[in-house]
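Let me begin by presenting the structure, written as structure tokens, before commenting on it.
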Amino acid sequence: MRAPRGREPCRSSTIVVLACFALGLACKERGGTSNVDSRRATQLIVVLGSSTAAGVGPSDPDRAWVPLYARYLAEQFPDFRVQSLAAGGQTTYHILPTGFTPPPGRPAPAVGHNVTAALALAPRALVVNMPSNDAAERYSPAEQLANFDRVRAAADAAHVPLWVTTTQPRNFGDAAQLAAQVEVRDAILRRFAPRTVDFWTTFATPPGKLASRFDAGDGTHLNATGHALLLERVVAAGIPQALSASP
């Protein structure tokens with residue numbers, strides 16, 4: 001993926017910063033420290049999702065991709081901050097607008113953890129990270145994508161840009177579930193481009209299971225090494241740069 005453009009420092013400086021974040025170190029910018037006063041951050045990026053976005057996987061939750069991204073923003077884009085409304089076990093139905101009536105056998109929106117709650121925070125952008133729970137519940141790719149479209153419609157109505165991460169590999173034993181993950185991955189990359197983030201490549205082994213070197217031990221969640229790579233992918237998406245360039 002192409003490197004982010006705009007106010008970001010040179011690539012070598014960015015690599016050093018990301019490496020420090022992944023190791024849990026306190027990095028310093030030229031002429032400043034990482035202890036940026038959060039009150040300066042006026043532009044909010046809200047993350048919706050499930051356990052990965054909630055920090056499950058690394059033994060130290062601070063090494064999950066959302067806290068790492070928060071530190072990256074504090075260092076590189078101090079006018080931005082990130083807030084996660086993610087909760088473990090959520091599916092695309094849980095993040096739908098409050099008041100949505102789900103089909104029989106499907107969960108209702110999770111008030112406080114859905115797109116309605118996210119938009120109530122008046123964010124500059126939304127990021128949706130739904131790795132694999134829909135496939136685990138055997139929700140079809142068509143209904144998953146319909147739910148993503150409903151979230152996008154709510155964000156569009158509020159004039160809030162939406163970024164969507166792909167599905168993530170998981171050690172399903174059923175070939176149909178593995179195939180559904182790939183189908184949804186490909187559809188997200190087509191339908192939500194250019195505001196997509198690839199959370200699949202490098203993490204997956206054919207036919208779509210989680211590579212052992214990124215496995216936190218349950219065949220589902222990524223370890224700290226994996227979350228550090230997720231951070232690189234989100235940084236490369238250039239969200240603050242895109243927001244800063246828009247009116």
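Being more than 29 Å from Gly217 (Cβ to Cβ), at pLDDT 95 or above and part of a loop (DSSP other than H, G, I, E, B), is that true of even one residue in the stretch 125-142? Yes, some residue in the stretch 125-142 is more than 29 Å from Gly217 (Cβ to Cβ), at pLDDT 95 or above and part of a loop (DSSP other than H, G, I, E, B). The lone criterion from (1) surrounded by 21 or more Cβ atoms within 10 Å (Cβ to Cβ); (2) without any contact (Cβ under 8 Å) to a residue 60 or more places away in the chain left unmet by Pro240 is number (2).
Per the conditions (1) in a helix (DSSP H, G or I); (2) surrounded by fewer than 22 Cβ atoms within 10 Å (Cβ to Cβ), the sole criterion not satisfied by Val235 is (2). Scanning the stretch 66-92 for residues that are part of a loop (DSSP other than H, G, I, E, B) and out of contact with any Pro (no Cβ under 9 Å at 6 or more places or on another chain) turns up Pro78, Leu85, Ala86, Ala87, Gly88, Gly89, Thr92. For the stretch 170-206, filtering for residues that are within 12 Å of Ser132 (Cβ to Cβ) and either of a type in the set (Lys, Arg) or touching a residue at least 60 places away in the same chain (Cβ under 8 Å) (or both) leaves 3. Can you tell which of Arg233, Arg195 is modelled with pLDDT of 95 or more, of a type outside the set (Phe, Trp, Tyr) and closer than 23 Å to Ser59 by Cα? It is Arg233.
The set of residues in the stretch 201-232 that are surrounded by fewer than 17 Cβ atoms within 10 Å (Cβ to Cβ), of a type in the set (Ser, Thr, Tyr), out of contact with any helix residue (DSSP H, G or I) (no Cβ under 7 Å at 6 or more places or on another chain) and assigned to a loop (DSSP other than H, G, I, E, B) contains only Thr201.
The values are calculated or read from the model by the stated rules, or taken from the named source; none is laboratory data. Nothing here was measured: the structure is a model prediction, and the numbers come from that model. Glycine gets a Cβ as well: all are built from the backbone with ideal geometry, and neighbour counts include every protein chain shown.
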